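Notes for the one structure printed next.
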Amino acid sequence: MPHLHIKEFKEITFPSTHDGVTFNFIAANTSKTDDKLISTTIEGKDFFLLVREDDNKCLLKTDKLTRPASTYNVHKCLLAYANIANLEVNESNVPHNVKNIHLQEVTALKNIEYFADKFPDAKDVAIEVGFGSGRHLLHQAKNNPDTLFIGIEIHRPSIEQVLKQITIQELDNLLVLDYDARLFMELIPSNIVSKIFVHFPVPWDKKPHRRVISTSFIKESQRVLGVSGRLELRTDSENYYAYSYETFINFAKIDLEIKKNRDIAVSSKYEDRWKLMEKNIYDVTMINEITSDALLIEGSFSFSKAKKNEEEILKLHSSTTRFDGGFIHFERAYQIQGDGVMMRVSMGSFDRPEHLYVIIKNKVISYYPELPLKSKSNLLAHKHLDEVLNG
């Protein structure tokens with residue numbers, strides 16, 4: 001992760017702008033004095049820089065929860081703050097180079113609002129979850145020009161590599177999204193997808209609840225796939241294969257294809273390595289047989305005016321509210337310099353919660369830096385969150 005090791009952190013006057021970057025406010029963790037967040041805006045995108053001081057070291061980097069997909073913009077913001085605050089940098093992995101020519105006019109990288117506001121209209125849609133090096137995704141997009149491909153990935157270097165290739169290969173049927181695929185599935189219209197690729201997902205043997213394949217993911221896949229649409233899992237993990245097969249087969253009615261060591265048109269560098277090691281490769285493919293009802297999600301993320309004062313809200317730190325179908329957990333509490341408080345919250349369903357920040361200032365409550373994904377589970381959690389903050 002891009003970062004600067006600095007001798008000493010220095011605050012600036014907020015708000016301030018330098019080199020196209022605006023620093024809006026700073027918030028201090030109320031339970032950890034070594035943890036601060038700096039609200040930052042670049043090219044219309046808001047996120048936090050994180051200041052962490054420990055063991056006589058001071059680190060300036062991006063907040064993992066809100067960091068933008070553009071590594072170049074992250075570098076620019078870190079250097080801008082260091083310059084405007086006149087910080088003494090002891091160590092850095094942030095280059096001072098200019099933006100890659102192939103990323104100058106990127107239009108393929110989208111945020112979640114792009115899909116939530118109006119899902120792209122396409123004759124055929126295919127999705128790849130966790131595209132890694134992008135070999136398979138780029139191959140599919142190049143060879144199927146009439147299909148809109150959506151690649152989902154959270155690894156920033158992988159995202160930028162694929163964006164470069166989209167420009168170089170002049171692909172106009174491929175969009176890239178940096179988001180949790182499990183949440184993204186909830187806003188896709190029903191019956192419009194022909195293929196969902198989940199190739200070599202992280203096995204998460206020690207944290208199985210983080211696996212992409214789950215009962216809820218399969219249900220959402222059945223909803224978004226058209227009749228004869230396919231959900232294709234490809235894995236080298238014996239444990240993941242066994243777990244996934246059991247999860248699929250627990251459905252009352254399902255059509256599965258199981259293949260072992262099948263050759264496909266293009267493979268990743270990791271698959272090439274595993275084949276040299278003579279590891280087995282498993283394919284579990286679900287063929288959808290049902291037509292689902294149209295997706296209908298109603299509600300909004302507006303808050304009532306806060307009835308609790310700031311001190312009462314800060315006391316919610318570490319508390320959890322559970323309700324039928326989900327939960328709300330107040331992970332961290334922050335005092336905003338000047339005025340207001342902020343809470344880092346995890347909320348939604350138990351197996352795919354959303355993590356975000358909520359700002360309370362002058363009795364006005366708002367999400368930061370953006371609204372939650374408009375899903376049934378998040379709307380339900382929002383209703384309970386509004387009740388907790390105003391109870």
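Using the Cα centre as the reference, give the magnitude of the dipole from point charges on the C-beta atoms of segment 144-213 (Lys, Arg: +1; Asp, Glu: -1; all else neutral), rounded to the nearest 20 debye.
Details: 8 positive and 9 negative charges, 95 e Å.
Charge dipole of segment 144-213: 460 debye, to the nearest 20.
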message: Between segment 253-318 and segment 199-213, how far is it from one alpha carbon centroid to the other, in angstrom?
response: 10
query: If the limit is 29 Å between Cα atoms, which of K164/K207; K10/K64; K164/K279 go over it?
result: K164/K207; K164/K279
statement: Scalar couplings 3J(HN,Hα) for segment 72-84 by Karplus 6.51 cos²θ - 1.76 cosθ + 1.60 (θ = phi - 60°), nearest whole Hz, x for Gly and Pro, are 4, 5, 4, 4, 4, 5, 4, 5, 5, 5, 4, 6, 5
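Go through segment 151-257 and name the GluC sites (Glu not before Pro) that are in a DSSP coil and have 10 or fewer other Cβ atoms within 10 Å of their Cβ.
E170
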Rounded tilt (10° steps) of 156-169 against the dominant C-alpha axis of the chain: 60
Segment 366-384 and segment 63-87: distance between their alpha carbon centers, rounded to Å: 27
query: With the chain treated as a Gaussian network of Cα nodes joined by springs under 10 Å, which of S190, S375, S319 yields the largest mean-square fluctuation?
result: S319
Trypsin sites (Lys or Arg not before Pro) restricted to segment 161-262 and DSSP loop, no more than 13 other C-beta within 10 Å: K206, K253, R262
query: In segment 281-381, what GluC sites (Glu not before Pro) fall in a loop by DSSP, with at most 13 other Cβ atoms inside 10 Å?
result: E289, E298
query: Relative to the first principal axis of the alpha-carbon coordinates of the chain, what is the inclination of helix 215-224, with its axis defined by its Cα atoms, in degrees from 0 to 90 and to the nearest 10?
result: 70
- line: The residues V266, V176, sorted from fewest to most surrounding Cβ atoms within 10 Å, come out as V266, V176
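Between N86 and K363, what length in nm is gained on full extension when 0.36 nm per residue of separation is reduced by their alpha carbon distance?
96.2 nm
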field: Total charge dipole magnitude, segment 103-287, about the Cα centre, Cβ charges on Lys, Arg, Asp, Glu only, Debye to nearest 20
entry: 460
field: Lys, Arg +1 and Asp, Glu -1 on Cβ, resulting dipole of the chain about Cα centre, debye, nearest 20
entry: 340
task: State the dimensionless ratio Rg/Rh of segment 216-323 (Rg: radius of gyration of Cα atoms; Rh: Kirkwood radius).
output: 1.21
query: How far, in nm, would the chain grow between K253 and K207 when pulled straight, counting 0.36 nm per residue and subtracting the alpha carbon separation?
result: 13.8 nm
query: In percent, how large is the relative contact order of the chain, given Cα pairs closer than 8 Å and 6 or more residues apart?
result: 13
- prompt: Using alpha carbons only, how many degrees (0 to 90, rounded to 10) separate the axis of helix 376-390 from the longest principal axis of the chain?
  reply: 20
- line: Ordered by fewest other Cβ atoms within 10 Å, a rough proxy for footprinting exposure, S302, S292 read S302, S292
Ranked list, fewest to most other Cβ atoms within 10 Å of each Cβ, for I84, I365: I84, I365
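Coordinate-derived values only; no laboratory data. Since this is a predicted model, take the numbers as computed values, not measurements. Neighbour counts run over all protein chains shown; Cβ positions are idealised from the backbone, glycine included.
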